[in-house]
Amino acid sequence: MDPSKTAARDANCIFCKIIDRQIPSNIVTEDETCIAIRDVNPQGPIHILILPKNHVANITEVKDAQLLGSLFMKVGEIAKSEKLDHGFRTVVNTGEHGGQTVDHLHIHVIGGRHLEWPPG
């Protein structure tokens, strides 16, 4: 059985719709836990979003340490496959003041150029 069809979803969430293939996206990789897509509004030459397949609004609502570990392991895999050898930024926005615009946990992997500090 396809785990993406049995996972918890929010029918109003754009990322859940992407996971369920109701909205097209440029998929980088996918496994039973997550899907990684290219951001439609990239902030660098490489900008990938890693989304857990189960709907979780943000990092403060995660109850599964193994899920977080899997997501962050995926960051490393993607950085290697995208040849981000000179570095990259990993961002998890949380809440309105944190810059989160979609209420579905996602990790940004941004690279391919020198990134300035401080952000935002």
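Before moving on, here are some points about what is shown:
- Residue check for THR60: more than 24 Å from GLY112 (Cα to Cα) and either in a helix (DSSP H, G or I) or at pLDDT 95 or above (or both): yes
- Scan of the range 59-109 for residues that are basic (Lys, Arg) and either surrounded by 16 or more Cβ atoms within 10 Å (Cβ to Cβ) or more than 15 Å from HIS47 (Cβ to Cβ) (or both), ordered by number: LYS63, LYS74, LYS80
- Residue match in the range 106-114 (condition: part of a loop (DSSP other than H, G, I, E, B), touching a Leu at 6+ places or on another chain (Cβ under 8 Å) and touching a residue at least 60 places away in the same chain (Cβ under 8 Å)): yes
- The set of residues from the range 1-31 being among the charged types (D, E, K, R), part of a loop (DSSP other than H, G, I, E, B) and either at pLDDT below 95 or at positive phi (or both) comprises ASP2, ARG9, ASP10, ARG21.
- Complete set of residues in the range 9-30 that are within 17 Å of VAL56 (Cβ to Cβ) and touching a residue at least 40 places away in the same chain (Cβ under 8 Å): ARG9, ASP10, CYS13, ILE14, PHE15, CYS16
The values are calculated or read from the model by the stated rules, or taken from the named source; none is laboratory data. Since the structure is predicted, the reported quantities are computational estimates derived from the model, not experimental observations. Here the Cβ is made from the backbone with ideal geometry for all residues, glycine too, and neighbour counts use every protein chain on show.
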